[in-house]
Amino acid sequence: MDYNFREIEPRWRKYWAEHKTYRATEDPSRPKYYVLDMFPYPSGAGLHVGHPLGYIASDIYARYMRHRGYNVLHPMGYDAYGLPAEQYAIQTGTHPALTTARNIERYREQLDKLGFSYDWDREVQTCDPAYYQWTQWTFIRLFHSWYDTSLDKARPLEELEAIFRVSGAQGARAFHTCVWDFTAADWNGLNENGRQELLMHFRLAYLADTWVNWCPALGTVLANDEVKDGFSERGGHPVERKRMKQWSLRITAYAQRLLDGLDRIDWSDSIKEMQRNWIGRSEGATVMFSIEGHEEKIEVFTTRPDTLFGATFMVLAPEHELVARITAPEQREEVERYASWARNRSERERMAEVKQVSGVFTGAYGINPLNGEALPVWIADYVLAGYGTGAIMAVPGHDSRDFSFARHFGLPIRQVVVAPGDQPTDPAGWEDSYDSKEGKMVNSGMLDGMDVKAAIRATIEYLEDRQLGTGRVNYRLRDAIFSRQRYWGEPFPVYYKDGMPYTLPEDQLPLELPPVDKYLPTESGDPPLARAKNWHTPEGYPLETNTMPGFAGSSGYYLRYMDPRNTQAYFSPEANAYWRNVDLYIGGDEHATGHLLYSRFWNKFLYDLGLVCEDEPFRKLINQGKIQGRSSFVYRISGTNTFVSRNLRNDHETQALHVDINMVHNDELDLEAFRQWRPEFSTAGFILEDGKYLCGYEVEKMSKSKHNVQSPDELVERYGADTLRLYEMFLGPLTDHKPWDTNGIEGVFRFMKKLWRLFHDEAGFSVADGDPTEAELKVLHKTIKKVSEDIERFSFNTVVSTLMICVNELGDLRCRKRTILEPLVVLLSPYAPHIAEELWQKLGHSSSVTGAVFPTYDEALLQEASFEYPVSFNGKLRFKLNLPVDMPVPAIEEAVRTAPQAGKWLEGLSIRKIIVVPGKIINVVVS
RNA sequence: GCCCGGAUGGUGGAAUGGUAGACACGAGGGACUUAAAAUCCCUUGGCCUCGCGGCUGUGUGGGUUCGAGUCCCACUCCGGGUACCA
């Protein structure tokens, strides 16, 4: 009786759907476990074999935890807002909601075929008003919150206003961007608009003029993580810097907590490192420099206050607000020319010309607060307006950028740090600056002789005592720009009154996305929502026309899964108290500095509000590796229609052409299929080797144009979902990137057939009762042990190998015993759930294998009476010696000494030592 | 430039200081079959050898250790992140 997956698999998928086998309900009597996949953006291309890799892994773990008695939450949904559907809408006029719904349907069909144990009753779609109502709601809460740096948490804005009424800006330690140190009287004297304007500097969601990444081709701004090398991550269009009024989230208030939280979560070091670098904490000091002949002061941030005596000039960013005020009349023309050149340069030009030194002297001089020295003030684009204070003190002796600037413009270089063991030298002869923090101070007044670290502390203390500066921590992290000039996103629950933004009352949510006649900006350059009819409140106030970015809907979706149909709240406190946070999160590492950072911020904010009970959303994170394509090539002899086989191609001048991988099996080209592929190949000639045409191959990204896309559907059709699931795991470690190669799937399919034959003979199902032999028990328990250990370290590829070995060995033993085969079915069920259900039922069970208890192994059954010791001489394996496992070490040594095979290796040598590791190895040291 | 990974047969990979190459794919040989499919058996890192067996071997060069693919140092190459971040 043959293994017929085509009959088995659909039947069990129907059973699971009908019986709601994987529905999760809160049950305080059982421990919870929350397994989550990063939900997909449903693209028009559908799934390729790379997508389900992580889904299969998480599904295996979810099923495993169910067998272990956990109440498992394993939901799935769709990150449904996104640019491709909108670009398609612009081209065709089709509403993105239609395209998205169609794509979701296709995704669902594909996902369903793979036998995942999702609780589909909890599905969410970010573009569904019932979902984005809570995205909008969270935005409103952010808008009405401020960050208290003394309590280190977000608080309601009313509380801040109450403080302002009584004690002004001094009354609160608030994270803000307000330059005015106003009093209570100032505050109380302000009108409504004045107060709103001031509060904008404190809100966690705020509207402000900021430098943004503007992408003209997409017609929208982008967040920093959506830009790669000066191009948009989606679409690869050029990005410019532009100053625009935009919504932002004050994620910078959470910089330190986002950094600290990393130490408490189980994520890969590489992702944590990426987040640490992105947050970019640096410790140093701000120092105030007065300016000769001006009232203003230049504030500088430096991580090396110890080198203050080595400063020989200062540099402002070209956009720095003081530039216009301090520039000397004779330098004005040149400075303005440089500033406007720098401003108009695209981000890409600037990045491409990083090594080119440029700058202009302003004619002004800053005063070194330590020694009163006058330092010429320059502007240069190597100083960035957005980092620190946008101004630096230049220490060319100990900073390589300042060094090359000084060399280029002939500015003085002074040594203030000497490397350990070295003597001071003349910087004129240096090839580079000495940037290391190892060394002793020289030419630095009261700092002389101190080592760098002590000098940093001493300088900060000195500056603080005299109110010339303060110690300060600076972060590279920028606030997240939260508005997009696009149609297909969440509308902001915001209207404008006297030019000031106000949020809609919560009972008016969701504010639904309105229909528009076109998905393009208006003639006046306003976003598409400006085309909507009646886009205003009932009172006639205009509504916001920007929409939210892609990460808005994905930042809190894991919370909504806990209570997805709640119409009164984001989620109930009870549901959150039970499911708490995600225990295992699997997804791609491309979200390291985007989604994974925004989600942590979102969660911490809701934690501050007391809405969620855990301050980190994802306890354990695993990044599955990418599956790369394996492209096949044919070699056409130049100028002909003749193709030469791989190993003969060097005899000719050839061009390599991608061929569809479906026409290639084990690198052999199906000539007939190739001739029919395209008309121009119908008359193609071939030069064969050994009667075959062998294709070349290369590992590349999976893409349509390379003809190397493998869809899971074809493989499910041919081998079944269980085989595909096993094979994707068998390919290699989950976290590794690896090329897709269909060749190996036959081996897994053979395994499935062998497994089937353990339970069946020609006539049909055939399993015997009766006591198992010692050998059979040993095979089973050895397998249980290895499978359990490997699954706990997410080593799914070795689990599949172990199951193969088990089936091979039971086959050799002709074992058909129920007591052996039944636990095997449970071991297998997380990986190949359909066949497991089928066999489980045939074994006489009336309920799903999902509820079966995961088997445990008995150590006693694994004990061997003897062990075949590998015996090495000076580390080289020479022979094996079978000895009882309980033989004491001295007896083993004696056995080795007297073993007949040993004589050959001892001839003319004496034994210095015998190392015995019981149960492992024997090593004889001779000389 | 800086930070983080990685390098093992023809291929994917296994081996958490203790028998390198498990498990598969591919390849070669054989059995069964009218034939094919399916299935089963044998061989398969390299070199020397009829064989027994030996030598060699985890990117390169050193080191630690009775013993290193695994730990340490230096380097090469590949992949990813980031980049005038003061």
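Looking at this structure, is A:GLU746 without any contact (Cβ under 8 Å) to a residue 24 or more places away in the chain, of a type outside the set (A, V, I, L, M) and within 11 Å of RNA strand B (Cβ to nearest atom)?
Working: without any contact (Cβ under 8 Å) to a residue 24 or more places away in the chain: yes; of a type outside the set (A, V, I, L, M): yes; within 11 Å of RNA strand B (Cβ to nearest atom): yes.
Yes; evaluated as a whole, the condition is true for this residue.
Being over 11 Å from A:TYR831 (Cβ atoms) and either within 23 Å of the chain's Cα centre (by Cα) or more than 11 Å from RNA strand B (Cβ to nearest atom) (or both) is the filter; apply it to the stretch A:784-796 and report the residue that is surrounded by the fewest Cβ atoms within 10 Å (Cβ to Cβ). Talk me through it step by step, then tell me what you get.
Residues of the stretch A:784-796 over 11 Å from A:TYR831 (Cβ atoms): A:784-786, A:788-790, A:792-795.
Checking the rest, the ones that are also either within 23 Å of the chain's Cα centre (by Cα) or more than 11 Å from RNA strand B (Cβ to nearest atom) (or both) come to A:784-785, A:788, A:792-795.
On the way: A:ILE784: 23, A:LYS785: 17, A:SER788: 17, A:GLU792: 10, A:ARG793: 8, A:PHE794: 19, A:SER795: 17.
For the stretch A:784-796, the residue satisfying everything is A:ARG793.
Residues of the stretch A:342-385 that are closer than 24 Å to A:THR307 by Cα, among the hydrophobic types (A, V, I, L, M, F, W, C) and within 10 Å of RNA strand B (Cβ to nearest atom): A:VAL357, A:ALA380, A:VAL383, A:LEU384, A:ALA385. Would you please name the residue that is surrounded by the fewest Cβ atoms within 10 Å (Cβ to Cβ), looking only at residues in the stretch A:101-129 that are among the β-branched types (Val, Ile, Thr) and part of a loop (DSSP other than H, G, I, E, B)? If we take residues in the stretch A:101-129 being among the β-branched types (Val, Ile, Thr) and part of a loop (DSSP other than H, G, I, E, B), then A:VAL124 is surrounded by the fewest Cβ atoms within 10 Å (Cβ to Cβ). Of the numbered criteria (1) part of a loop (DSSP other than H, G, I, E, B); (2) surrounded by fewer than 24 Cβ atoms within 10 Å (Cβ to Cβ), the one A:VAL612 fails is (2). The set of residues in the stretch A:737-768 that are assigned to a loop (DSSP other than H, G, I, E, B) and modelled with pLDDT of 90 or more is empty. The set of residues in the stretch A:386-399 that are over 18 Å from A:VAL442 (Cβ atoms), of a type in the set (Gly, Ala, Ser) and either more than 8 Å from RNA strand B (Cβ to nearest atom) or modelled with pLDDT of 90 or more (or both) comprises A:GLY390, A:ALA391, A:ALA394.
Just to be sure, is A:GLY421 away from RNA strand B (no atom under 15 Å from the Cβ), modelled with pLDDT of 90 or more and on the phi > 0 side of the Ramachandran plot? Spell out the reasoning first.
Numbers: away from RNA strand B (no atom under 15 Å from the Cβ): yes; modelled with pLDDT of 90 or more: no; on the phi > 0 side of the Ramachandran plot: yes.
When the stated conditions are applied, A:GLY421 does not pass them.
Please verify whether A:ASN581 is over 30 Å from A:HIS737 (Cβ atoms) and not β-branched (Val, Ile, Thr), treating the condition exactly as stated. No: the conditions fail for A:ASN581.
Per-residue answers, yes or no, for (1) in contact with a Ser or Thr (Cβ under 8 Å, 6 or more places away or on another chain); (2) more than 27 Å from A:ALA656 (Cβ to Cβ); (3) outside the structural domain of A:ILE791 (by TED's automatic domain parsing); (4) not in a loop (DSSP other than H, G, I, E, B):
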residue	(1), (2), (3), (4)
A:GLU672	no, no, yes, yes
A:PHE686	yes, no, yes, yes
A:GLU698	yes, no, yes, yes
A:GLU717	no, yes, yes, yes
A:PRO733	yes, yes, yes, no
A:LEU777	no, yes, no, yes
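Return yes or no: is A:LEU621 in a helix (DSSP H, G or I), under 43 Å from the mean Cα position of the chain (by Cα), under 30 Å from A:TYR61 (Cα atoms) and not assigned by TED's automatic domain parsing to the domain that holds A:ALA223? It is false that A:LEU621 is in a helix (DSSP H, G or I), under 43 Å from the mean Cα position of the chain (by Cα), under 30 Å from A:TYR61 (Cα atoms) and not assigned by TED's automatic domain parsing to the domain that holds A:ALA223. Every condition in (1) in a strand (DSSP E or B); (2) under 27 Å from A:ALA768 (Cβ atoms); (3) aromatic (Phe, Trp, Tyr) holds for A:TYR869 except the one numbered (2). When each of A:THR425, A:THR389, A:THR459 is tested for being among the β-branched types (Val, Ile, Thr) and not in a loop (DSSP other than H, G, I, E, B), the lone residue that passes is A:THR459. Please find, within the stretch A:408-418, the residue that is nearest to RNA strand B (Cβ to nearest atom) out of those that are touching a residue at least 40 places away in the same chain (Cβ under 8 Å) and not polar (S, T, N, Q). Residue satisfying both the conditions and the ranking: A:HIS408. Against the test of being under 30 Å from A:VAL799 (Cβ atoms) and either part of a helix (DSSP H, G or I) or aromatic (Phe, Trp, Tyr) (or both), the options A:ALA860, A:ALA895 yield a single qualifying residue, A:ALA860. Name every residue in the stretch A:169-198 that is closer than 30 Å to A:THR547 by Cβ and out of contact with any Cys (no Cβ under 9 Å at 6 or more places or on another chain), in order of residue number. Within the stretch A:169-198, A:ALA174, A:PHE175, A:HIS176, A:THR177, A:CYS178, A:GLU192, A:ASN193, A:GLY194, A:ARG195, A:GLN196, A:GLU197 qualify.
In this structure, does A:ILE8 turn out to be within 16 Å of RNA strand B (Cβ to nearest atom) and either acidic (Asp, Glu) or touching a residue at least 24 places away in the same chain (Cβ under 8 Å) (or both)? It is false that A:ILE8 is within 16 Å of RNA strand B (Cβ to nearest atom) and either acidic (Asp, Glu) or touching a residue at least 24 places away in the same chain (Cβ under 8 Å) (or both). When the stretch A:641-670 is filtered for residues that are of a type in the set (A, V, I, L, M, F, W, C), closer than 25 Å to A:PRO712 by Cα and more than 16 Å from RNA strand B (Cβ to nearest atom), the ones remaining, listed by number, are A:LEU657, A:VAL659, A:MET663. Take the conditions farther than 22 Å from A:TRP740 by Cβ and either small (Gly, Ala, Ser) or within 16 Å of RNA strand B (Cβ to nearest atom) (or both) and apply them to A:SER631. Does it pass? Considered against the rule, which asks whether it is farther than 22 Å from A:TRP740 by Cβ and either small (Gly, Ala, Ser) or within 16 Å of RNA strand B (Cβ to nearest atom) (or both), A:SER631 comes out as no. Summed over the stretch A:642-667, the residues that are among the acidic types (Asp, Glu) and closer than 10 Å to A:SER632 by Cα give a count of 2.
Would a scan of the stretch A:432-439 turn up a residue that is of a type outside the set (Lys, Arg), buried (at least 18 other Cβ atoms within 10 Å of the Cβ) and more than 15 Å from RNA strand B (Cβ to nearest atom)? Looking for residues that are of a type outside the set (Lys, Arg), buried (at least 18 other Cβ atoms within 10 Å of the Cβ) and more than 15 Å from RNA strand B (Cβ to nearest atom), one finds at least one in the stretch A:432-439, hence yes.
Condition check: without any contact (Cβ under 8 Å) to a residue 24 or more places away in the chain and either in contact with a helix residue (DSSP H, G or I) (Cβ under 7 Å, 6 or more places away or on another chain) or assigned by TED's automatic domain parsing to the domain that holds A:GLU506 (or both). Does A:ALA184 satisfy that?
Numbers: without any contact (Cβ under 8 Å) to a residue 24 or more places away in the chain: yes; either in contact with a helix residue (DSSP H, G or I) (Cβ under 7 Å, 6 or more places away or on another chain) or assigned by TED's automatic domain parsing to the domain that holds A:GLU506 (or both): yes.
Criteria met by A:ALA184.
So how many residues does the stretch A:70-92 have that are assigned to a loop (DSSP other than H, G, I, E, B) and among the acidic types (Asp, Glu)? Result for the stretch A:70-92: 1.
Among the residues of the stretch A:248-276, those that are within 12 Å of RNA strand B (Cβ to nearest atom) and free of Cβ contacts under 8 Å to residues at least 40 places away in the same chain comprise A:ASP269, A:LYS272, A:GLU273, A:ARG276.
For A:ALA328, are the conditions met, namely being more than 10 Å from RNA strand B (Cβ to nearest atom) and aliphatic (A, V, I, L, M)?
Details: more than 10 Å from RNA strand B (Cβ to nearest atom): yes; aliphatic (A, V, I, L, M): yes.
Spelling it out, A:ALA328 is indeed more than 10 Å from RNA strand B (Cβ to nearest atom) and aliphatic (A, V, I, L, M).
The condition of being out of contact with any Lys or Arg (no Cβ under 7 Å at 6 or more places or on another chain), under 24 Å from A:LEU513 (Cβ atoms), buried (at least 19 other Cβ atoms within 10 Å of the Cβ) and not acidic (Asp, Glu) holds for only one of A:TYR61, A:TYR41, that being A:TYR41. Looking at this structure, is A:VAL885 assigned by TED's automatic domain parsing to the domain that holds A:ILE921 and either away from RNA strand B (no atom under 12 Å from the Cβ) or among the aromatic types (Phe, Trp, Tyr) (or both)? Answer is yes for this residue.
The values are calculated or read from the model by the stated rules, or taken from the named source; none is laboratory data. Predicted, not measured: the structure shown is a model, and the values here were computed from it. Note that we place each Cβ from the backbone using ideal geometry, even for glycine, and neighbour counts take in every protein chain shown.
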